[in-house]
Amino acid sequence: MTKRQRGEIVKEDRVLSEETVQEIRAAMKRYPRQRSAVLDTLRAVQRQFGYCKPEALPEAAEILGIDANALQMLVTFYDMLYDEPVGEHILMPCKNIACFLRGSDQIIEHICDRLKIKPGETTPDGKFTLQPMECLAACDLAPMMIADETYYGNLTNEKVDELLDKLAASDTHREVAEEVGSGHGNV
């Protein structure tokens, strides 16, 4: 049995893809302290699996040189990190005061009716998860939502329907953002 260096993962033990590992290592180089790359690391894991798969966290923690429990605690703390599978497309309509005054409650109700789910649920086909959020810091776009890390603003039921149709038919959210148009770009 050979002794492993910190951050070295034996290929047979790997859960993370080589691309994700390289993304984590690149993030670590951007910070003076490598452990500062924890959120970048968790987002990379989530991009690979669609959520922060518990089996992947020890490997990610070993690369960072931190305790896996610390990563798990962060996953449960942040709203935009998921510890269980979610839909292919995450819809996060803002429900704070500026958006509420401009009709976000009707937008959320329309999404629920259209997708036949309640807030916090995922459609049976696994396409969409609806997760209303408090302030998303884009009051100038009210009512607005984030869909797959892209901001969409000045929403109407018609704009929401167009977005949902395009997301349902797309392979990636990037092509939808370019086609439908977004307000502030990526999160």
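The values are calculated or read from the model by the stated rules, or taken from the named source; none is laboratory data. The model shown is predicted, which means the values in this text are computed figures rather than measured ones. Counting neighbours? That spans all protein chains shown, and the Cβs are built from the backbone with ideal geometry, glycine included.
Quick check on the stretch 84-97. Is at least one of its residues in the same structural domain as S170 (by TED's automatic domain parsing) and assigned to a helix (DSSP H, G or I)? The answer is yes, given that some residue of the stretch 84-97 is in the same structural domain as S170 (by TED's automatic domain parsing) and assigned to a helix (DSSP H, G or I).
Within the stretch 105-130, track down each residue that is polar (S, T, N, Q) and outside any loop (DSSP other than H, G, I, E, B). Q106, T122, T129, listed by residue number. Select from the stretch 41-83 the residues that are closer than 29 Å to P124 by Cα and not in a helix (DSSP H, G or I) and list them in ascending order. Across the stretch 41-83, the qualifying residues are G50, Y51, C52, K53, Y78, D79, M80, L81, Y82, D83.
Restricting to the stretch 131-158, give me the number of residues that are within 17 Å of the chain's Cα centre (by Cα), part of a loop (DSSP other than H, G, I, E, B) and of a type outside the set (S, T, N, Q). Matching residues across the stretch 131-158 total 8. If you filter the stretch 1-44 down to residues that are at pLDDT below 90 and of a type in the set (K, R), you find that the one that is nearest to the chain's Cα centre (by Cα) is R35. The requirement of being touching a Phe, Trp or Tyr at 6+ places or on another chain (Cβ under 7 Å), of a type outside the set (K, R) and buried (at least 19 other Cβ atoms within 10 Å of the Cβ) is fulfilled somewhere in the stretch 88-99, by at least one residue.
Taking the stretch 29-41 as the range and being under 18 Å from E18 (Cβ atoms) and either among the β-branched types (V, I, T) or in contact (Cβ under 8 Å) with a residue 24 or more places away in the chain (or both) as the test, the residues that pass are A37, T41.
Within the stretch 57-82, being within 20 Å of E134 (Cβ to Cβ), in contact (Cβ under 8 Å) with a residue 12 or more places away in the chain and not hydroxyl-bearing (S, T, Y) holds for L74, V75, D79, M80, L81.
D79 satisfies every condition listed in (1) within 13 Å of the chain's Cα centre (by Cα); (2) within 18 Å of L167 (Cβ to Cβ); (3) surrounded by fewer than 19 Cβ atoms within 10 Å (Cβ to Cβ) except (2).
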